[in-house]
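Worksheet for the structure shown next.
FYI, it's all coordinate maths here, none of it is from the lab. Values in this document were obtained by computation on a predicted structure and should not be read as measured data. Reconstructed Cβ throughout: ideal geometry from the backbone, glycine too, with neighbour counts over all protein chains shown.
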Amino acid sequence: MVNFYELNEKTVNKEFKDDDYGNYVVGHKDKNGKFIPTYVGKGVLKDRLTDHLTDEYNDDLFTYVKQSEKAAFKEECDDYHDYKPISEGGTLKNKIHPPVPKGEKCHRCDHMGS
Ligand SMILES: [Zn+2]
């Protein structure tokens, strides 16, 4: 069961310590209660989600998982390819493929780090 949190300053500050690292998905629920993801990302969770309070990727809800940088990179690629950007028929506002570490490759497509 996935927990959803309201995307606001209070929740973000309550949920995370300063250096918690992991993946997150921002989105909202449609009129049928289905979660619609609109942005996927990874990084220092408190910092990233605080940015999204005021940037173009702001939305109603978020969900997250804390994990290592390596695991977070893999999961971000999965989220990106599962939910897909709007340009590929999905719902994500992500404009580019998640950054790939130098010398590594996305396990879902041929995107390489540089
Ligand atoms: Zn990929």
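Going down the list LYS29/LYS105; LYS34/LYS74; LYS17/LYS74; LYS14/LYS102, which pairs span over 29 Å between their C-alpha atoms? Write out the running numbers ahead of the final one.
Details: LYS29/LYS105 33 Å; LYS34/LYS74 25 Å; LYS17/LYS74 23 Å; LYS14/LYS102 34 Å.
Over 29 Å apart, Cα to Cα: LYS29/LYS105; LYS14/LYS102.
Using only the C-alpha atoms of region 5-88, find the volume of their convex hull and express it per residue in Å³.
Numbers: hull volume 7.7 nm³, N = 84.
Considering the Cα atoms of region 5-88, their hull volume per residue is 92 Å³.
Rank these for me by crowding, PHE62, PHE16, going from fewest to most other beta carbons within 10 Å. Let's see the in-between values first.
Values: PHE62 26, PHE16 21.
By the 10 Å Cβ count, ascending, the order reads PHE16, PHE62.
Using the basic label-point model (7 angstrom from Cα toward the beta carbon), what is the LYS102 to PHE4 distance in nanometres?
With each label placed 7 Å out from Cα toward Cβ, I get 4.0 nm.
Could you work out the relative contact order of region 28-114, using alpha carbon pairs under 8 angstrom and six or more residues apart, expressed as a whole percent? Present the calculation step by step, with values, prior to reporting the outcome.
Working: 91 pairs, mean separation 22.5, N = 87.
Rounded, it is 26 percent for region 28-114.
Show me the ranking of peptides 74-83, 5-14 by mean Cβ neighbours inside 10 Å, starting with the highest. It would help to have the intermediate numbers written out before the result.
Details: 74-83: 19.1, 5-14: 13.3.
Descending mean neighbour count gives 74-83, 5-14.
List the aspartates and glutamates whose Cα sits under 20 Å from the Cα of LYS70, skipping any in the same chain fewer than 8 residues away.
Qualifying aspartates and glutamates at Cα under 20 Å: ASP18, ASP19, ASP20, ASP47, ASP78, ASP79, ASP82, GLU104, ASP110.
So, in nm, how far is label ILE86 from label GLU56 when the simple model puts each one 7 Å beyond its Cα toward the Cβ?
0.9
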